[in-house]
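Dumping the structure here so I can ask a few things about it.
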């Protein structure tokens with residue numbers, strides 16, 4: 001059964017949180033859906049046996065409900081982790097940035113653990129700088145696939161995207177150097193292609209506006225906008241367009257110097273309608289430089305002094 005948006009949000013929320021009593025107020029607040037719509041769609045899902053209600057009024061998703069969510073399941077993840085991380089020197093002199101330890105845990109482990117917790121095991125990492133170091137991940141995550149980008153020093157991440165194009169199908173596309181503090185931002189199901197973002201009154205970082213329900217006016221720096229985080233989901237149809245548009249962009253003069261996200265958000269933006277999936281600023285952290293790393297993990301303060 002094809003689901004409308006409200007039906008999808010209700011089913012995926014109840015699947016994630018399990019069997020219990022849900023008030024319509026809780027669901028309306030959590031999903032940003034009107035109470036009237038919640039009651040209407042919950043009734044529809046019960047009548048069509050996608051939800052079941054116990055005698056104590058606890059709701060749970062049925063096998064038919066799970067089957068109806070299956071077309072929206074995230075099948076895989078591609079993580080770009082080829083760069084040097086020059087602003088993190090000296091921590092990255094002998095370690096790729098995604099493998100840098102922060103308070104006893106590698107940066108990339110938090111992302112990998114979150115993906116695995118949602119049943120996503122088809123994970124590809126595009127590596128470059130000190131690529132053999134990534135092999136140590138196989139001890140904990142033996143199912144990982146690696147793709148080597150030996151052009152990471154002379155080309156931007158569009159080359160990593162193209163090297164992984166066979167894996168770009170109904171997937172997360174993520175940066176490997178984001179420090180997750182809330183693993184719940186990784187979801188098992190998505191209704192539409194989206195970018196994770198948090199609202200900013202003012203920012204000097206990469207951002208976009210929210211226009212007619214979609215990300216627009218991608219730029220560096222702005223006000224009353226949304227900070228972009230490179231945790232993105234792309235459905236099957238958009239993945240096909242991404243690969244085609246990456247190839248076209250790479251063929252342009254100096255196309256090798258483009259960021260992959262510039263293609264769907266700027267260069268060929270008319271081909272896409274990418275939603276903004278809002279999160280809190282505390283859900284995820286981009287460690288931009290060594291000073292920020294030392295602020296988060298006191299272990300590095302001595303290294304800063306010795307430098």
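So that you can scan it fast, the table gives a plain yes or no per residue for (1) touching a strand residue (DSSP E or B) at 6+ places or on another chain (Cβ under 6 Å); (2) outside any helix (DSSP H, G or I):
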| residue | (1), (2) |
| --- | --- |
| 78 | yes, yes |
| 83 | no, yes |
| 109 | no, no |
| 132 | no, no |
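Could you tell me whether region 24-46 includes any residue that is within 26 Å of residue 117 (Cα to Cα), touching a residue at least 40 places away in the same chain (Cβ under 8 Å) and under 27 Å from the mean Cα position of the chain (by Cα)?
Within region 24-46, not a single residue is within 26 Å of residue 117 (Cα to Cα), touching a residue at least 40 places away in the same chain (Cβ under 8 Å) and under 27 Å from the mean Cα position of the chain (by Cα).
Moving on. Go through (1) without any contact (Cβ under 8 Å) to a residue 60 or more places away in the chain; (2) surrounded by 14 or more Cβ atoms within 10 Å (Cβ to Cβ); (3) more than 20 Å from the chain's Cα centre (by Cα) and name the single condition residue 293 misses.
(1)
In region 73-89, is there at least one residue being surrounded by fewer than 17 Cβ atoms within 10 Å (Cβ to Cβ), touching a helix residue (DSSP H, G or I) at 6+ places or on another chain (Cβ under 7 Å) and over 27 Å from residue 261 (Cα atoms)?
no
Next up: Residue 121: over 28 Å from residue 249 (Cα atoms), in a loop (DSSP other than H, G, I, E, B) and touching a strand residue (DSSP E or B) at 6+ places or on another chain (Cβ under 9 Å), yes or no?
On the way: over 28 Å from residue 249 (Cα atoms): yes; in a loop (DSSP other than H, G, I, E, B): yes; touching a strand residue (DSSP E or B) at 6+ places or on another chain (Cβ under 9 Å): yes.
Judged against the criteria, residue 121 is a match.
Need a quick list: strands (runs of 3 or more DSSP E) entirely within region 150-241 having at least 1 residues that are under 17 Å from the mean Cα position of the chain (by Cα) and surrounded by fewer than 18 Cβ atoms within 10 Å (Cβ to Cβ).
On the way: elements: 171-175, 178-180, 194-211, 214-234.
Where strands (runs of 3 or more DSSP E) fall fully within region 150-241 and carry at least 1 residues being under 17 Å from the mean Cα position of the chain (by Cα) and surrounded by fewer than 18 Cβ atoms within 10 Å (Cβ to Cβ), they are 194-211.
Read-outs throughout are calculated quantities, based only on the coordinates presented, and are distinct from any laboratory measurement. Owing to the predicted nature of the structure, the values given are computational and were not obtained by experimental measurement. Note that we place each Cβ from the backbone using ideal geometry, even for glycine, and neighbour counts take in every protein chain shown.
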